[in-house]
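To keep things clear, I will list the structure first and then write my remarks on it.
Throughout, read-outs are computed from the coordinates displayed, never taken from laboratory work. Predicted model, so just to flag it, every value in this text is computed and none were measured. When we count neighbours, we look across all protein chains shown, and the Cβ atoms used for this are built from the backbone with ideal geometry, even at glycine.
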Amino acid sequence: ERPRRRAAVVCLAAGDGDASPTASRSRPVGVHCVFGGPADVLAGVARPPEVVLAERFGATIEATLSAKSTHLLLPPALLAPRALAQCRRTQEMLSHARSLGIEPTLHRVDLRWLLACVANWSHLPEAEWTTLSAGDPL
């Protein structure tokens, strides 16, 4: 699995995105992601390489939730309800999602879902990357 992932990342980094031999696969059009967890991964000056690749893949990565947000990317440790309840920053994000009216449709997924989508150059099913679904009790 790891060598295949590296090959896909090299292909994405070297081309313009459309040059990939698998460019005809489903890309995440309309996917708007925000990183949850205890720290803001977009707080630095430069965007992390994974974020740049995801954006080249077609995803939109934002620092804050908006009405367009579709995915809350969570560190794997936060996929358990008790762990999620202890992360103040993520709880604030979920509260904001409720106030925006997007909480019922917001996918809470392991952040590795986005990396797997990029590695496979395909929009993968979110169900395989979450233990919590929107609307589950915290």
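Quick notes on this one:
- Cα centre as origin, Lys/Arg/Asp/Glu Cβ charges: the range 73-129 dipole, Debye: 220
- Net +/- balance of residues flanking V41 in space, Cβ distance below 13 Å, scoring K and R +1, D and E -1: -1
- Under Karplus coefficients 6.51, -1.76 and 1.60, residue-wise ³J(HN,Hα) of the range 106-121 in Hz, glycine/proline x: 6, 6, 9, 10, 4, 4, 5, 4, 5, 5, 5, 4, 5, 4, 9, 6
- Cβ-based net charge around W113, under 9 Å, with every Lys or Arg adding one and every Asp or Glu removing one: -2
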